[in-house]
1. Would you mind checking which residues have amide H under 5 Å from Lys71's amide H? H placed 1.01 Å from N; only 5 or more apart, or other chain.
2. What is the dipole size for region 77-173, taken about its Cα centre, with +1 at each Lys and Arg Cβ and -1 at each Asp and Glu Cβ, in debye to the nearest 20?
3. Quick check: net charge around Tyr108, other residues with Cβ under 10 Å of its Cβ, Lys/Arg +1 and Asp/Glu -1?
4. Collect residues whose amide H, placed 1.01 Å from N in the peptide plane, falls under 5 Å from the amide H of Arg58; neighbours closer than 5 in sequence don't count.
5. So for the chain, taking the charge dipole from beta-carbon charges (+1 Lys/Arg, -1 Asp/Glu), which of Leu87, Val29, Tyr128 sits furthest toward the positive end?
6. Using the Karplus curve 6.51 cos²θ - 1.76 cosθ + 1.60 with θ = phi - 60°, what ³J(HN,Hα) values do you get for each residue of region 90-96, in whole Hz, with x for Gly and Pro?
7. Which ordering of Phe105, Phe69 is given by a fewest-first count of other beta-carbon atoms within 10 Å?
8. Grab the beta carbon distance between Ala22 and Glu77, set R0 = 41 Å, and tell me the FRET efficiency rounded to 0.05.
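Derivation of every value follows stated rules applied to the coordinates shown; laboratory data play no part. Quantities reported herein were computed from a predicted structural model and do not represent experimental measurements. We place every Cβ from the backbone using ideal geometry, glycine too, and count neighbours over all the protein chains shown.
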Amino acid sequence: MTTTGARPRGPAAAYAGAATRAAFLTMAVDPARTTRDQYRVPASVTLAQAILESGWGRSRLSTTDRNYFGKKCHGGEPGPIAAGCHLYPTRECTASVCVTITAAFRVYLSVTDSFRDHGFQLSTLPRYAGAFRYTRQPDLFAAEVHRSGYATDPNYTTKLVGIMKKYDLYRFD
């Protein structure tokens, strides 16, 4: 799920956006590197996913529930790290159509818990195992995570790689 808050307009827009991006990266780099060290997920991929999924930390899901990755509850359960679940509308896509549904998303007590759960999920769910052949090749890691069903957006890999390149997130690997 990708939801973004209102974007600044006018002459201050470029400065305000850059300040927000810098603040987001300052907040997110350490948890992303911890995820890299603990779960072997490239920090650049973690950061790109957090940026895309949370709209640079401005989405309602991230500001209200500290969920930076659009992680859903499954079977009404938040999993071992999240504190609960919260219902939100979201767009889900198949190859031919996108629809809006209501889904339960995970609620976290901290930013760190959100990042930790992201790494935990990627490293323990069998469907993502193939991505770990590419821990030193972030673009391929991102493509494999997408191919394995992380997101329904058909352009998800392109968006992640574009974010990693545009903001040189590879430097955090």
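1. Residues meeting the amide H criterion: Arg106.
2. With Lys and Arg at +1 and Asp and Glu at -1, about 240 debye.
3. +1
4. Long-range HN contacts for Arg58: Gly5.
5. Of Leu87, Val29, Tyr128, it is Val29.
6. Result, ordered by residue: 8, 9, 10, 10, 10, 4, 10 Hz.
7. By the 10 Å Cβ count, ascending: Phe105, Phe69.
8. 0.70
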